[in-house]
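I have placed the structure first, in the form of structure tokens, so that the comments after it can refer back to it.
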Amino acid sequence: MNVRADINSVLMQMRDMQAQAQGQVNKPAELNREMGVQGADKTEGPGFGEMLSDAVNGVNDAQKKAGALATAYEQGDPNVDLTQVMISMQKASVSFQAMTQVRNRLVSAYETVMKMPV
């Protein structure tokens, strides 16, 4: 039952992240001006650098948590079972792989932009 609760919490986190991402998408500036919204041209929410930093910190936290659970299991902590350890290690692995793919895409985009004629 613990595994099921863990999966549900991951799904809830993913839905929350999706809702946050969709909530940060601004309407076009003309539509905002027509509706009388002040500051329509300003971007709200965190910047790209801040979002990337938060993502890297999240991956780091997941890896630290997985390492701590693995150490606790190896030391014989009765409150930690093998399934918790394996799930946290898989979460850390998947998040690291995703971050690596994002980094690869960013490097590729940077190289493409640098190759463009001025």
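So the values come out like this:
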{"read-out": "Hits in the stretch 68-95 (condition: farther than 24 Å from D54 by Cα and surrounded by fewer than 15 Cβ atoms within 10 Å (Cβ to Cβ))", "value": "T71, E74, Q75, G76, D77, P78, N79, D81, L82, T83"}
{"read-out": "Counted residues, the stretch 91-118 - those being over 19 Å from V56 (Cβ atoms) and in a helix (DSSP H, G or I)", "value": "5"}
{"read-out": "Meets criteria (in a helix (DSSP H, G or I) and surrounded by 13 or more Cβ atoms within 10 Å (Cβ to Cβ)) for L52", "value": "yes"}
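Every residue, every condition in (1) within 13 Å of the chain's Cα centre (by Cα); (2) in a helix (DSSP H, G or I); (3) at pLDDT 95 or above, yes or no:
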site: M17; (1), (2), (3): yes, yes, no
site: Q20; (1), (2), (3): yes, yes, no
site: V25; (1), (2), (3): no, no, no
site: L31; (1), (2), (3): no, yes, no
site: V37; (1), (2), (3): no, no, no
site: G45; (1), (2), (3): no, no, no
site: N57; (1), (2), (3): yes, yes, no
site: A66; (1), (2), (3): no, yes, yes
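The values are calculated or read from the model by the stated rules, or taken from the named source; none is laboratory data. What you are looking at is a predicted structure, and each value in this text was computed from that prediction instead of being measured. Using ideal geometry, Cβ is built from the backbone for each residue, glycine included, and neighbour counts are taken over all protein chains shown.
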